[in-house]
Amino acid sequence: MIEQVRIKNLGVIRDATLDLSPGLTVLTGETGAGKTMVFRSLNAVFGAKADPTLVSTGQEQAVVEVDAVLTQALVAQATELGAQLDDGNVAIISRHINVGGRSRSFVGGVSVPSGVVSDMGEQLVAVHGQSEQLRLTKASQQRVILDRFGSTPVLHVLREYQELWARAQQLRQEISDLTLDESARARELEKLTKHIAVFDKLKPQVRELDQLDDEAARLGNSEVLYAASSAASAALEGDESDQLHVLSLLTQARKALEREQVFDPALTQLVARVKELEVVAADVAADVSAYVDAIDASPARLEYVESRRAALRKASRDFDSLEDFIEWVTTNQPRLAQLSGGDEAINDLREELSAVMDDAQAKAAELTQARTKAAHHFSQLVSQELASLAMPGARVEFSLEQTQLGPFGADDISLGLVSRPDSPLVSIAKGASGGELSRIMLAVEVVLASADPIGTFVFDEVDAGVGGAAAVEVGKRLANLAKTAQVVVVTHLPQVAAFGDKHLVVSRESDDQVHSSSISEVTGAQRVTEISRMLAGLTSSQAGTQLAEELLAVAETFKDGLT
């Protein structure tokens, strides 16, 4: 759910804050006041392509921030990104759009790719404008709708099919690589054989060169390391020269203080601190002494280290680093067996490909069966919704025709419309008017919400091309959808606005700019005035006021019947 939206320097909106609530929120206002810009701000924050022309004239950057309540799955994803969440799993999701064309997205204060926000948005919000209505006419979108409605029975089979399809593509690529011309194949085999033979002989380890470099530095400078550490050892704990050293001096200091501490209790604390120094000095002295004893000045070891370093550098000279050499060999070792196997390896791959394609064909048939069942149920439910949206006798039907196997199965899926009982089935792209397309999209979303719930729906002009009784029915379906989801609707129809649980008005200031104070909630008499303006174009019309009150009463009665 979205709790609040903050918009700054986006089109005609210079600074606005929208507090949203559960249920149905309607946004109304005069043409040009900025209603649609509110919709575009939500579209932008959830990953739509950044449009620098949206930045307000004279400004360098537009910013949209949304306080969104995350699902548990998204909480885990946001936490992994390092995002900061407020109480109640609320994250601030924002989009910064620069006038120069660049944009940045943030989740919980962490900069993330816009694709990440887009993926999160798909789980949080369904944003629908007139462009989304046009997408409903696209075959690819129609397939997505059917699969989404089919839910687990369809999606589970689809995932299994796509695993088989991916394996088939991989096998085709391997076969193609192996059937290169003989000279290219021989060159690749020679390269693999040479590098893998060296690898098997040396058996290099990750970070081994770094470790050998450190050891070579120690061995090559063993004399100066021995002299320095021996001098340090003598200074700490003495040697045969019996010179003064740190440990003896600390002991003298402690004993001197201990003798006189009976005269001043303050010396007792100093004695304790000197004892601590003695302990630390003794530990350091022991470590330095152990270091002296461990110094290896063996010429044979130095010779081995230098030889090993040279061999590893020679082995990895065709790569950026020793680690790249190790990774390359690990990745390409299976390829050596394939190339060495020749025609036999190719035949094995072809046999496996044939078996995988047989499995894919069977799984595609299972997918078609699951989709066909879902399509029939979908048609029934959406057609019922259309009857409630003043389209009696209209129905939608999915058509599934068999085609060649592809990434999504073997189904050519299209969505058709029968607009009246005596009308033929035609594609939605050809047979639906703008108003019908709006209602079909709303009906589809209501049905999808029952099969695949989502937290928030945002509609812009969902009532485009609709009026009269049909507009009232649109308002009813939106109110019904708002029983189980948060719904935000930008509308110009009073019949729709009357069904809102919360009514926000976007008003234009005298300087043609929308400020934070110009988006406000209206209730009571103010709401009646706004509905009257939408009905009659007048705010002081008595007839308009009476009609507005009647319309609000009808809407309230309907909503009371939903609870």
The lone exception for Gln513 - which of (1) touching a helix residue (DSSP H, G or I) at 6+ places or on another chain (Cβ under 9 Å); (2) at pLDDT below 85; (3) not aromatic (Phe, Trp, Tyr) it fails: (1)
From the options Asp200, Asp214, Asp210, Asp147, residue that is within 25 Å of the chain's Cα centre (by Cα) and either surrounded by 15 or more Cβ atoms within 10 Å (Cβ to Cβ) or farther than 30 Å from Ala443 by Cβ (or both): Asp147
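Could you grab me the full set of residues in region 17-39 that are of a type in the set (A, V, I, L, M) and modelled with pLDDT of 85 or more?
The initial filter retains those residues of region 17-39 that are of a type in the set (A, V, I, L, M), namely 18, 20, 24, 26-27, 33, 37-38.
Leu18, Leu20, Leu24, Val26, Leu27, listed by residue number.
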Residue count, region 318-360 (criterion: over 30 Å from His156 (Cβ atoms), touching a residue at least 12 places away in the same chain (Cβ under 8 Å) and of a type in the set (D, E, K, R)): 3
Lone qualifier among Val45, Val75 - being surrounded by fewer than 17 Cβ atoms within 10 Å (Cβ to Cβ), over 30 Å from Leu381 (Cα atoms) and among the aliphatic types (A, V, I, L, M): Val75
From Thr179, Thr193, residue being within 30 Å of Ser321 (Cβ to Cβ) and not aliphatic (A, V, I, L, M): Thr193
Residue ranges of helices (runs of 4 or more DSSP H) in region 423-485 with at least 3 members within 19 Å of Phe558 (Cβ to Cβ), out of contact with any Pro (no Cβ under 7 Å at 6 or more places or on another chain) and of a type outside the set (Ser, Thr, Tyr): 434-451, 468-481
From the options Lys373, Lys363, residue that is touching a residue at least 24 places away in the same chain (Cβ under 8 Å), loosely packed, with under 14 Cβ neighbours inside 10 Å and under 30 Å from Leu155 (Cα atoms): Lys373
Identity of the residue in region 415-450, buried (at least 20 other Cβ atoms within 10 Å of the Cβ), small (Gly, Ala, Ser) and under 30 Å from the mean Cα position of the chain (by Cα), that ends up nearest to Thr403 (Cα to Cα): Ala443
Verdict on Thr152 being surrounded by fewer than 14 Cβ atoms within 10 Å (Cβ to Cβ), closer than 23 Å to Gly406 by Cβ and at pLDDT below 90: yes
Whichever residue in region 463-493 is polar (S, T, N, Q) and surrounded by fewer than 20 Cβ atoms within 10 Å (Cβ to Cβ) and, among such residues, is nearest to the chain's Cα centre (by Cα): Thr484
Residue within region 170-178 that is modelled with pLDDT of 90 or more and among the hydrophobic types (A, V, I, L, M, F, W, C) present: yes
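Taking the condition at pLDDT below 90 and surrounded by 15 or more Cβ atoms within 10 Å (Cβ to Cβ), does Gln142 pass? Can you show your working first?
Values: at pLDDT below 90: yes; surrounded by 15 or more Cβ atoms within 10 Å (Cβ to Cβ): yes.
Here the answer is yes, as Gln142 does meet what is asked.
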Conditions (1) modelled with pLDDT of 90 or more; (2) surrounded by 24 or more Cβ atoms within 10 Å (Cβ to Cβ); number of the one not met by Asp460: (1)
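The values are calculated or read from the model by the stated rules, or taken from the named source; none is laboratory data. Just so it is clear, the structure is predicted and the values come from calculations on it, not from any experiment. Heads up, the Cβs are rebuilt from the backbone with ideal geometry, glycines too, and the neighbour counts pull from every protein chain shown.
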